[in-house]
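Just so you know, all these numbers are worked out from the coordinates, no wet-lab data involved. Everything numeric here is computed off the predicted structure, so don't read it as measured data. Reconstructed Cβ throughout: ideal geometry from the backbone, glycine too, with neighbour counts over all protein chains shown.
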Amino acid sequence: MTGEGGRLVPMRLQRFLARSGVASRRGSENLMTAGRVRVNGVVVTELGSRVDPATDVVEVDGRRVVPAAEAAYVVLNKPAGYLTTMSDPYGRPCVAELVAGVGEPGLFPVGRLDMDTTGILLFTTDGDAGQRLLHPSHHVAKHYVALVEGRPGEDALGRIRSGIELDDGPCQPAACDLLAPDGPEARAVAPAGVPRGTSVVGLELREGRKHQAKRMLAAVGHEVVALHRDRFGPLSLDGLAEGSWRRLGAAERSALLDSIREGR
């Protein structure tokens, strides 16, 4: 996190290490508990420890580490066929390959999209902001476009709008509407046209449960054929080509961080 004038402010040591590109947040914690991290010459193993980048000298295995002056924020238009992870032990394609050109140590995805789901995926090096964006108390809205089997009627849509029960508990009410089959949103999930016997639904969620959009639509009798996320809070793809990424501008960053506080 940065303060006035862009100066880094005191932060948890594991976050400092992640921002420096030493390791992931979890990997940094492992380095600390292994006694490999020193602050001002003293070994620090306590995970709650904080450092001030302006005054403290941090070393890992005797080498000094320095974080980037400002957190990075990047959006990717994720194609299908990529795991939302920065590495995979089985060698499957990962989104890390698509954002390798960003060149920011400690970059990680905020939340997940299923391997077959496309659309907007946010990355940052700011662990605290990433956690707040995903926390249910902030209710940051995420909008999905789904190609589904059949045509949901008002009864099915009304159940989603009222909040349905899934096997892991009740869902919050979600905005849900049929979309025009020839509109720009529909092309994201049906570029060759909406097939006979299917329809396109727009769904806005403020939770982050696993496979939630698919599960909610299946629960009202309409299996998802294709799913695309076109908005994350105030962010959109804004013409970004599939498989491409871009850094957020200053206005987008401010709007994103404001959305955490205001729950948009």
- [ ] Using a Förster distance of 22 angstrom, determine the FRET efficiency expected from the C-beta separation of D238 and S162, and round it to 0.05.
- [x] 0.10
- [ ] Mind sorting out which of (1) 1.18; (2) 1.14; (3) 0.99 is the real Cα Rg over 2.2 N^0.38 Å computed from the coordinates?
- [x] (2)
Task: Calculated diffusion of the stretch 13-146, Stokes-Einstein form, Kirkwood radius summed over Cα pairs, 4 °C and 1.567 mPa s, µm²/s - done: 80 µm²/s
TODO: List, in order, the whole-Hz ³J(HN,Hα) value for each residue of the stretch 14-23 obtained from phi through the Karplus relation with A = 6.51, B = -1.76, C = 1.60 and θ = phi - 60°; use x for Gly and Pro.
DONE: 5, 5, 4, 5, 5, 4, 7, x, 5, 6
Task: Dmax and Rg, reported as Rg then Dmax, of the stretch 79-162 (C-alpha, Å) - done: 16.2, 49
Open item on the list: If each residue of separation counts as 0.36 nm, what is the full-extension length gain between R92 and R246 once their alpha-carbon separation is subtracted?
Closed with: 53.1 nm
TODO: Starting from the stretch 68-136, pick out the chymotrypsin sites (Phe, Trp or Tyr not before Pro) whose DSSP state is loop and whose Cβ has at most 15 other Cβ atoms within 10 Å.
DONE: Y90
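Send over the Kirkwood Rh of the stretch 125-176, from the inverse of the averaged 1/r over different Cα pairs, rounded to one decimal Å.
It works out to 13.4 Å.
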- [ ] Work out from phi, with θ = phi - 60° and the Karplus expression 6.51 cos²θ - 1.76 cosθ + 1.60, the ³J(HN,Hα) of each residue of the stretch 181-196, listed in order in whole Hz, and give x for Gly and Pro.
- [x] x, 9, x, x, 5, 5, 5, 5, 10, 9, x, 9, x, 6, x, 4
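Among 201-213, 92-104, what's the highest-first ranking by average C-beta atoms within 10 angstrom per residue?
On the way: 201-213: 17.8, 92-104: 15.5.
In descending order of packing, they fall as 201-213, 92-104.
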TODO: Quick one: which residues, 5+ away or cross-chain, put their amide H under 5 Å from the amide H of G106? H built at 1.01 Å from N.
DONE: G21
Open item on the list: What are the ³J(HN,Hα) couplings of the stretch 102-109, residue after residue, when phi is run through the Karplus curve with 6.51, -1.76, 1.60 and θ = phi - 60°? Round to Hz, x for glycine and proline.
Closed with: 5, x, 10, x, x, 5, 8, x
